[in-house]
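Have a look at the structure below, then the notes.
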Amino acid sequence: MLGPAMKSRRETNTRFRLVLTLGVAVVLPALTLIFVNFQHVKSIQRDKKVEALIHRDFQYLLASSAKKISGKAYEMTEQAKDAFPIDTDSDDEKRRKLQLILDKSPWFEHAVIFEAKKEAIVQQQRDRKNETELAALTKNYSGWLGLEGPFLVEQLCKKPKPIAWFSGESDRPDGSTIYTTMAIFTFPQVSKERTVLGGVSFDPKYLKEKFFPELLEEFTSPNVTDDPKQSEGMTFYELTSQGLKEHKEQRLAMLVFPADALRSEPERPLVTSAAWNGGKPEVSLKLDNPFRGLALGIKFQGTTAQAIGQKWVWQSFMILGVLSVLMIGGLVLTYRSVNKQVALARLKSDFVSNVSHELRTPLALIRLYAETLELGRISTQEKKNEYYSIIRKESERLSALINNILDFSRIEAGRKEYDFRETDIAELVRNTLDSYRYQIEQQGFALEEEIDPGIPAVKVDREAIARALVNLVNNALKYSDSEKFLGVRLYRDQSVLKLEVSDRGIGIERNEQSRIFEKFYRTCDPLVHNTKGSGLGLSLVRHITQAHGGDVEVESTPGRGSKFTVWLPLANQI
Ligand code: ADP
């Protein structure tokens with residue numbers, strides 16, 4: 001048998017190894033991971049990476065939107081340009097054709113055609129015809145292009161797209177200012193020397209009410225990212241982290257506003273998308289020709305990139321926090337369950353050494369007395385009888401122990417079967433005690449037996465109930481030192497039958513009272529250590545009583561004694 005010091009050293013070793021394994025294999029990597037993630041999230045917060053990425057994406061969106069805006073204006077202008085009347089000499093024919101262009105393109109306010117040394121021909125949109133304005137326009141164009149025409153033609157010839165843009169805010173007769181843009185272009189098929197120029201002026205009202213609103217709506221509609229070109233720009237952060245994906249679901253809002261308002265507060269937007277709900281754009285981009293002087297702005301509807309960034313960081317911290325808590329919880333659980341296993345393993349090894357010890361003693365005694373008898377040296381019959389009885393008792397102890405172990409292994413394997421039969425339980429208790437009476441008295445115990453008369457017959461497994469009683473009686477004998485008393489009581493308490501076994505022995509500490517029914521469990525009392533035992537008895541008693549629909553309870557005061565009460569239900573067994 002191993003000494004207690006050695007055993008505890010071995011246990012400490014096991015525990016230490018367990019903690020080391022847990023530490024190196026689980027805690028260290030997990031903590032490192034959590035730590036690295038915390039740092040990572042913290043650094044993102046510091047660098048405002050999320051915000052920066054969103055802004056980058058905004059820049060991309062703005063640039064591609066600006067390209068589309070200018071592309072569309074060019075397309076409109078070029079369409080008109082292609083229909084311009086340059087091959088006819090008749091002014092009336094020119095006017096007619098210009099009018100045709102205007103009829104087809106409601107987005108232009110007026111169109112002009114100019115040839116050197118002639119008066120400019122201006123045609124206005126039908127519903128906006130105004131003779132005074134027409135006269136003023138004709139005069140203005142004739143003067144301006146008469147002067148600058150040749151220079152303009154020269155400049156435009158050098159450009160891949162021969163269109164010059166003149167844009168800005170102009171005052172209206174009603175005192176308000178309005179933004180407009182106009183295109184002046186040359187015709188490659190006409191010789192440079194002739195100085196022929198055409199021009200169309202965009203209708204400011206059309207720009208404000210149709211052209212920009214329709215485009216902004218298109219740019220901010222949710223399916224905008226379906227465009228492969230645009231989602232190209234999104235893929236970058238989509239891959240970066242789960243959290244960044246979220247802002248794609250946010251509705252975007254855009255606006256067009258005068259570029260000089262970039263610095264001035266408050267802004268006065270020219271056009272906003274429907275989703276715009278005030279505030280400043282997150283990112284702006286100044287537009288170039290044909291809409292020089294205007295800027296395009298973008299933001300999220302109802303939130304800011306900063307808020308999204310913060311939310312993401314906060315969520316990441318939350319997830320990390322929950323993960324850490326889960327990990328710590330898991331560790332505690334693992335540690336506890338392993339500890340339990342270690343304790344069970346210790347109990348099992350104690351059990352093996354206790355049982356072998358318990359088997360050896362009666363065997364040695366039986367052998368000793370049998371050998372003595374065999375030698376024929378014992379003369380008196382009385383002595384002989386004493387030896388026989390010792391041999392019988394020791395064999396009984398052996399079978400009791402072996403029965404306990406067999407029962408236990410059957411229970412553990414789930415193979416224990418009970419044979420319930422109608423039984424006079426009072427008689428069963430009396431008979432069981434009778435076979436121990438001699439032993440009890442010989443050990444100097446006072447036996448107080450109190451069996452109530454008139455106890456009804458119950459259906460029990462006789463052998464099992466007798467074994468439970470024997471175990472309780474044996475314990476009372478084993479764990480009593482100074483005051484040797486054994487009390488056995490059988491009585492009916494309403495619908496239950498109670499069997500009490502009490503002693504005035506060493507008692508059991510309160511905190512150990514529930515544990516003594518566990519398999520292999522033995523208390524820490526030194527007397528228990530010096531007494532043989534397997535730690536199986538009480539766990540068997542509990543199993544047997546529970547199989548009968550009852551249970552076993554203990555009341556005990558250390559140093560004063562214990563009382564074990566087995567109760568069995570009567571009602572359903574009668
Ligand atoms: P064993 O007696 O073989 O050790 P048991 O399962 O019968 O195993 O008992 C478990 C433990 O409960 C004992 O080791 C002892 O510490 C404690 N115990 C049982 N009965 C008594 C009693 N009557 N008085 C004091 N302690 C007891």
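The values are calculated or read from the model by the stated rules, or taken from the named source; none is laboratory data. Since we're looking at a predicted model, the values are computed, not measured. Positions of Cβ are generated from backbone atoms using ideal geometry, with glycine treated the same way; all protein chains shown enter the neighbour counts. Note: accessible area is taken over every heavy atom of the protein model, side chains too, but ligands, DNA and RNA are not part of it. Shrake-Rupley method; radii C 1.70, N 1.55, O 1.52, S 1.80 Å.
Things to note:
- Helix 537-547 axis, angle to the chain major axis (alpha carbon atoms, nearest 10°): 70 degrees
- The charge dipole of the chain, taken about the Cα centre with unit charges on the Cβ atoms of Lys, Arg (+1) and Asp, Glu (-1), comes to about 1620 debye, rounded to the nearest 20.
- Placing unit charges on the Cβ atoms only, positive for Lys and Arg and negative for Asp and Glu, gives the range 427-475 a dipole magnitude near 220 debye about its Cα centre.
- Accessible surface ranking that places the most exposed of 147, 31, 469 first, with a 1.4 angstrom probe: 147, 31, 469
- The range 401-444 versus the range 113-164: alpha-carbon centroid distance in Å: 123 Å
- Summary value for the chain: 10 percent relative contact order, contacts being C-alpha pairs under 8 angstrom separated by 6+ residues.
- Between residue 315 and residue 28, the FRET efficiency from the beta-carbon distance, with R0 = 25 Å, is close to 0.40.
- For residue 396 and residue 509, the difference between the fully extended length at 0.36 nm per residue and the C-alpha to C-alpha distance is 37.6 nm.
- With the simple spin-label model, which puts each label point 7 Å out from Cα in the Cβ direction, the residue 527 to residue 158 separation comes to 11.8 nm.
- Nonlocal amide H pairs with residue 451, under 5 Å, H built at 1.01 Å: 490
- Note on the chain: dipole from Cβ charges, positive end direction compared against 391, 413, 319; the farthest Cα belongs to 391.
- Surface accessible to a 1.4 Å probe, residue 87 within the full protein complex, Å²: 140 Å²
- For the chain, pairs of C-alpha atoms spaced more than 30 angstrom apart make up 72 percent of the total.
- Annotation for residue 482 and residue 459: the two label points, set 7 Å from Cα along the Cα-Cβ direction, are 4.9 nm apart.
- Split the chain at each of the trypsin sites (Lys or Arg not before Pro) in a DSSP loop with at most 11 other beta carbon atoms within 10 Å, and the longest piece is 416-574.
- Net charge dipole size for the range 460-574 [Lys, Arg +1 and Asp, Glu -1 on Cβ; Debye, nearest 20]: 160 debye
- Anchor residue 383: lysines whose Cα lies under 29 Å away (excluding residues fewer than 8 positions away in-chain): 393, 478, 484, 532
- The residues of the range 121-166 expose on average 62 square angstrom of accessible surface per residue, using a 1.4 Å probe on protein heavy atoms.
- Calculated FRET efficiency for the pair residue 419/residue 551, C-beta based, R₀ 30 Å, to 0.05: 0.90
- The residue 322 and residue 361 beta-carbon pair, evaluated with R₀ = 56 Å, returns a calculated FRET efficiency of approximately 0.45.
- Heavy atoms of residue 131 accessible to a 1.4 Å probe, total area in Å² rounded to 10: 140 Å²
- With a cut-off of 15 Å between beta carbons, the residues surrounding residue 510 carry a summed charge of -2, where Lys and Arg count +1 and Asp and Glu -1.
- Spin-label model distance (nm) - residue 409 vs residue 280, 7 Å beyond Cα toward Cβ: 8.6 nm
- Along the axis of the charge dipole computed for the chain (Cβ charges of +1 for Lys and Arg, -1 for Asp and Glu, origin at the Cα centre), the listed residues 536, 431, 554 are led at the positive end by 536.
- Ligands, DNA and RNA aside, residue 424 has an accessible area near 80 Å² when probed at 1.4 Å.
- Compared with the dominant Cα axis of the chain, that is its longest principal axis, helix 49-82 is turned about 30°.
- Proximal charge balance of residue 271 [Cβ under 9 Å; K/R count +1, D/E count -1]: 0
- Our note on the geometry: Cα centres of the range 473-514 and the range 77-92, 121 Å apart.
- Of all accessible heavy-atom area on the chain, the percent that carbon and sulfur account for (1.4 Å): 54 percent
- Spread of Cα-to-Cα distances over 10 Å intervals beginning at zero, given as percent, for the range 98-182: 15, 42, 37, 6
- Scanning residues 5 or more positions from residue 251 or on other chains, those with amide H under 5 Å from its amide H are 301, with H placed 1.01 Å from N in the peptide plane.
- Angle in degrees between helix 28-47 and the longest Cα principal axis of the chain, rounded to the nearest 10: 20 degrees
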